[in-house]
Amino acid sequence: MQGSVLEFSLLATGIVLILITATVFVVVIGKRAEKRYQGTNYLIQSHYEAFNSLARHRDIEKRLQGICQLIESQIDGAMCSIMVADKKRQTLSTAASISLPKSYNRALDGLAIADGVGACGTAASLGEPVLIADMRKDERFSKFRSLIDQQGLVACWSHPIFSIINSDVIGTFAVYFSEPRIPLGPELEVIVRNRDLVALIIEQEEQRRKQARFEQSQRSLFTHNPDAVFMLDSDGNFTSVNRAVCELLSLKEEELLGKHYELAVSECDRKRTSEHFEAAKAGIPQSYEIKAKDQAGQLHNLAITNIPIITNGQINGVHGIAKDITERIQREEALEFLSSHDSLTRLVNRSAMEQRLQQLQETKSETAIFVIFIDLDGFKPINDSLGHQLGDEVLIETAQRLQQVILEPNLLCRFGGDEFVAIIQNMNAFEQVNALCAEVLAVLEQPFRIGEVEVSLSAAIGVAANDIEFKHPMELTQRADIAMYEAKKRGGNSIYWYSANLDEDLGYKVALRTKIQEALAQEQFELFYQPIMTDKGKVAGAEALIRWQHPTKGYVSPADFIPVSERTGQIIPISEWVLKQACHDLQQLKRCGIKSVSVNFSPIQFYREDFVSKTKAILEKFDIKPGELTVEITENVLVNDTQRIADLLQQLRDMGLDVAIDDFGSGFASLRYLNMLPVNKLKIDRSFIENIHENSHNAAITCGILNMVADIGIETVAEGVEKEEECAYLVEHGCHFMQGFLFSKPKPLGELLQWAERQQSFENE
């Protein structure tokens, strides 16, 4: 709109200039009585052609040549040249010339805009006319002496051409002669008038090009926009649609134009869509989500933006953009489902089971609650000898069989590995529960046939009831777990009920607590390190892993002493020792190219008042720089008091620590917590990485996680990478960091340093 107004203004100004120029020339040729009629007639014809070319947008070179021809026909011996300025380069180039030799024009192309550079360079630089009667006697032409002598040029009158819009110099209008010559007053005035006409032509062309570029960009933005873009009239009918609209709805453009938008909106969303449309018509931009159906009846989730179309101050329609978010919503965590479900068996996971127990306790119902803990006997040998893939198939079928006998409202959960837990809330008598457990044993005794392989399993079942006092709902699960181990001691394929006397077995744990205390005092703990690799095969860092080397029993598994130390509180000094040792070792690791270390923090640490201050003191003691230490937290840190945990994590981030969620997907966490917490790293649990190149479930979950967290700036580390095929698949799908046995097992510090030095030498070769 503005471009059109400016063009009209330029055109009107041009008409006035043409009329003024005509009047001046009538005076000039009036002094030549013998040519009066002929000259006046030619002048009017020439100006008519100039005006006609200006109005009809003829080629700019032809229009400018017309001006040159007009001047040359009226001033004897004149040879015109029009040059345009390049503002960025500060140079002039020939835009139009008729009588001057082409070789001369080519020689002047790229002429510097500067004082002292000929007539045109000087005129453009100073912004004032430069009228030279004899170029041969002017120092400003010393560099061009041979050129002008070769062409037989003597006089040059150069005028700067000024922008009509902002008065900037946009070029020069020069007249050359082959003999010394000083301009007469009327001649000079005619040149000035035509110079201004040239300015109009140049700026009209520039505005035309700008308008064309703007229209092309608008057309591209509309036509080639990957989102569906459309315009509606005030009645809601399509007046314009781009290709994406047609593809989205599987309709042709002619099938949409003139039709109401409701033809695409699902019936349940029509009322709400109408409200948003009316609001947009009232001048209020709208953003909302609806479901739309294509010609085949398939529903699409769309994010709609409506903007009022305003022309001349009036709203006469609505502009719309529809982004297809169907795939995104389907991914969302699917991932959300997996935050509370086991990815392999599709049963609810441990965190969801814990929440159900918590809810049942909070209702303070007197209804009987039973927890059944089911552990498969003989599964590990099958898994180890026949492979994880077959083992997974056994677990899937186990879940299916259990679902046949444990029905809603009861809850069946995969607790982990080959362990399943059921919460029974629709039975009151022990006999009923015993009968259910017997049915579970019966369905699991039937042989499992996976492909050509047939295997047999049994199970050990522990049961705990809420008739014995407890403080925390997970105590029921722990009791059922203890009872299950009693069933295993009795040969498996049996049921055992928890009783208070089973707590006597806790004596072993008390003894272990004493040994843990001795291990701390006698420095029996040490750190192993497992490298974290980039997708380019370089070392990005290492994870510190605690090991306990008992003087007589050898290495004690962390799976044995970590749970006990967490229950006894000994995890606090253990975790502090790990942090200090990792910070100490980091100084050596950095010299071998390992510039960062990841350290696991226990959930219990977050409930200590001195947690942040002690961590800060350790970092300061070892001069740990930002980015050199990553805190790894497990998902159960987030179970309670999320806001307080978020505040503590933010304090750690403020100290320069990175924060990673470890074993993501195996427990409680969901993307909702990633949005709430200051987390910048995420470690994908190895259960999702195993055979990812063959397991479509694992592939879908992992790719979904990678895609989602990439948009919110969170780095991902794939854990448990053991095969080249797994590594290749992860790299292909955008996972930049990995760790696992494929690269290196956890090693003591000395061995890791040697390994890192070899890696450096390989990289330098």
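The values are calculated or read from the model by the stated rules, or taken from the named source; none is laboratory data. Keep in mind it's a predicted model, so treat the numbers as computed, not measured. Neighbour counts run over all protein chains shown; Cβ positions are idealised from the backbone, glycine included. Note: areas computed on protein heavy atoms with side chains; ligands, DNA, RNA excluded. Shrake-Rupley method; radii C 1.70, N 1.55, O 1.52, S 1.80 Å.
Within segment 70-105, the set of residues being assigned to a helix (DSSP H, G or I) and buried (at least 18 other Cβ atoms within 10 Å of the Cβ) comprises L70, I71, Q74, Y104. In segment 608-635, the residue that is modelled with the lowest pLDDT out of those that are in a helix (DSSP H, G or I) and open to solvent by less than 50 Å² (accessible area, probe 1.4 Å) is E635. For segment 671-678, check the following and say yes or no: at least one residue is at pLDDT below 85, within 20 Å of V599 (Cα to Cα) and open to solvent by 20 Å² or more (accessible area, probe 1.4 Å). Among the residues of segment 671-678, not one is at pLDDT below 85, within 20 Å of V599 (Cα to Cα) and open to solvent by 20 Å² or more (accessible area, probe 1.4 Å), which makes the answer no. The sole residue among I516, I482 that is of a type in the set (A, V, I, L, M, F, W, C), under 50 Å from the mean Cα position of the chain (by Cα) and under 30 Å from I423 (Cβ atoms) is I482. The number of residues in segment 312-326 being open to solvent by 20 Å² or more (accessible area, probe 1.4 Å) and either at pLDDT 90 or above or in a strand (DSSP E or B) (or both) comes to 7.
Being in contact with a helix residue (DSSP H, G or I) (Cβ under 8 Å, 6 or more places away or on another chain) and either open to solvent by less than 50 Å² (accessible area, probe 1.4 Å) or among the basic types (K, R) (or both): is that true of G283 here? Answer is no for this residue.
Taking first residues from segment 463-491 that are within 12 Å of I372 (Cα to Cα) and open to solvent by less than 40 Å² (accessible area, probe 1.4 Å) and partners that are assigned to a helix (DSSP H, G or I) and β-branched (V, I, T), the Cβ contacts under 7 Å between residues at least 6 apart in sequence or on separate chains come to V463/V433.
Residue by residue, here is whether (1) of a type in the set (G, A, S); (2) open to solvent by less than 70 Å² (accessible area, probe 1.4 Å); (3) under 13 Å from the mean Cα position of the chain (by Cα) holds:
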{"site": "C703", "(1), (2), (3)": "no, yes, no"}
{"site": "T716", "(1), (2), (3)": "no, yes, no"}
{"site": "K723", "(1), (2), (3)": "no, no, no"}
{"site": "A728", "(1), (2), (3)": "yes, yes, no"}
{"site": "G734", "(1), (2), (3)": "yes, yes, yes"}
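No other residue among D168, D138, D115, D149 is among the acidic types (D, E) and touching a Phe, Trp or Tyr at 6+ places or on another chain (Cβ under 8 Å) apart from D168. Scanning segment 728-738 turns up one or more residues that are farther than 22 Å from G593 by Cβ, modelled with pLDDT of 90 or more and of a type in the set (D, E, K, R).
Only one entry of Q403, Q361 meets the criterion of being modelled with pLDDT of 90 or more, over 33 Å from the mean Cα position of the chain (by Cα) and not β-branched (V, I, T), and that entry is Q403.
Scanning segment 244-260 for residues that are open to solvent by 20 Å² or more (accessible area, probe 1.4 Å) and either of a type outside the set (D, E, K, R) or modelled with pLDDT of 90 or more (or both) gives C246, L248, S250, L251, K252, E254, E255, L257, G258, K259, H260. Once segment 532-551 is narrowed to residues that are surrounded by 23 or more Cβ atoms within 10 Å (Cβ to Cβ) and of a type outside the set (A, V, I, L, M, F, W, C), the residue that is farthest from the chain's Cα centre (by Cα) is E543. Among the residues here, L752 qualifies as over 18 Å from S687 (Cα atoms) and open to solvent by less than 20 Å² (accessible area, probe 1.4 Å). Considering only residues in segment 406-426 that are open to solvent by less than 20 Å² (accessible area, probe 1.4 Å) and more than 39 Å from the chain's Cα centre (by Cα), the one that is farthest from A487 (Cα to Cα) turns out to be N410. I304: farther than 27 Å from N434 by Cβ, at pLDDT 85 or above and either open to solvent by 70 Å² or more (accessible area, probe 1.4 Å) or outside any strand (DSSP E or B) (or both), yes or no? Here the answer is no, as I304 does not meet what is asked. Residue pairs whose Cβ atoms lie under 8 Å apart, sitting 6 or more positions apart in sequence or on different chains, and linking a residue in segment 323-352 that is closer than 20 Å to E289 by Cα to a partner that is part of a loop (DSSP other than H, G, I, E, B) and of a type outside the set (V, I, T), are K323/D227; D324/D227; E333/S339; E333/S670; E336/S670. Would you be able to say whether some residue in segment 342-351 is open to solvent by less than 20 Å² (accessible area, probe 1.4 Å), part of a helix (DSSP H, G or I), in contact with a Phe, Trp or Tyr (Cβ under 6 Å, 6 or more places away or on another chain) and modelled with pLDDT under 90? Checked against the condition, which is being open to solvent by less than 20 Å² (accessible area, probe 1.4 Å), part of a helix (DSSP H, G or I), in contact with a Phe, Trp or Tyr (Cβ under 6 Å, 6 or more places away or on another chain) and modelled with pLDDT under 90, segment 342-351 yields at least one hit. Looking at D662, is it modelled with pLDDT of 80 or more and either under 25 Å from the mean Cα position of the chain (by Cα) or within 30 Å of E393 (Cα to Cα) (or both)? The answer is yes for D662. With respect to the conditions (1) open to solvent by 10 Å² or more (accessible area, probe 1.4 Å); (2) among the hydrophobic types (A, V, I, L, M, F, W, C); (3) modelled with pLDDT under 90, F688 falls short on a single one, namely (1). Taking segment 517-578 as the region of interest, the strands (runs of 3 or more DSSP E) fully inside it that hold 3 or more residues being closer than 22 Å to F606 by Cβ are 539-550. Of the strands (runs of 3 or more DSSP E) lying entirely inside segment 131-245, those containing at least 1 residues that are hydroxyl-bearing (S, T, Y) span 155-162, 169-177, 238-241. Go through the residues of segment 436-449 one by one and say whether even a single one is assigned to a strand (DSSP E or B), open to solvent by less than 40 Å² (accessible area, probe 1.4 Å) and closer than 23 Å to V405 by Cα. Looking for residues that are assigned to a strand (DSSP E or B), open to solvent by less than 40 Å² (accessible area, probe 1.4 Å) and closer than 23 Å to V405 by Cα, one finds at least one in segment 436-449, hence yes. Within segment 579-592, residues that are farther than 13 Å from Q759 by Cα reach partners that are open to solvent by 10 Å² or more (accessible area, probe 1.4 Å) and of a type in the set (D, E) with beta carbons closer than 7 Å, at six or more positions or on different chains, in the pairs L586/E628.
Of the numbered criteria (1) among the polar types (S, T, N, Q); (2) in contact with a His (Cβ under 9 Å, 6 or more places away or on another chain); (3) open to solvent by less than 20 Å² (accessible area, probe 1.4 Å); (4) over 17 Å from D663 (Cα atoms), the one N707 fails is (3). Could you check segment 176-207 and list, in sequence order, the residues that are open to solvent by less than 10 Å² (accessible area, probe 1.4 Å) and in contact with a helix residue (DSSP H, G or I) (Cβ under 6 Å, 6 or more places away or on another chain)? Matches in segment 176-207: V190, N194, L197, V198, L200, I201, Q204.
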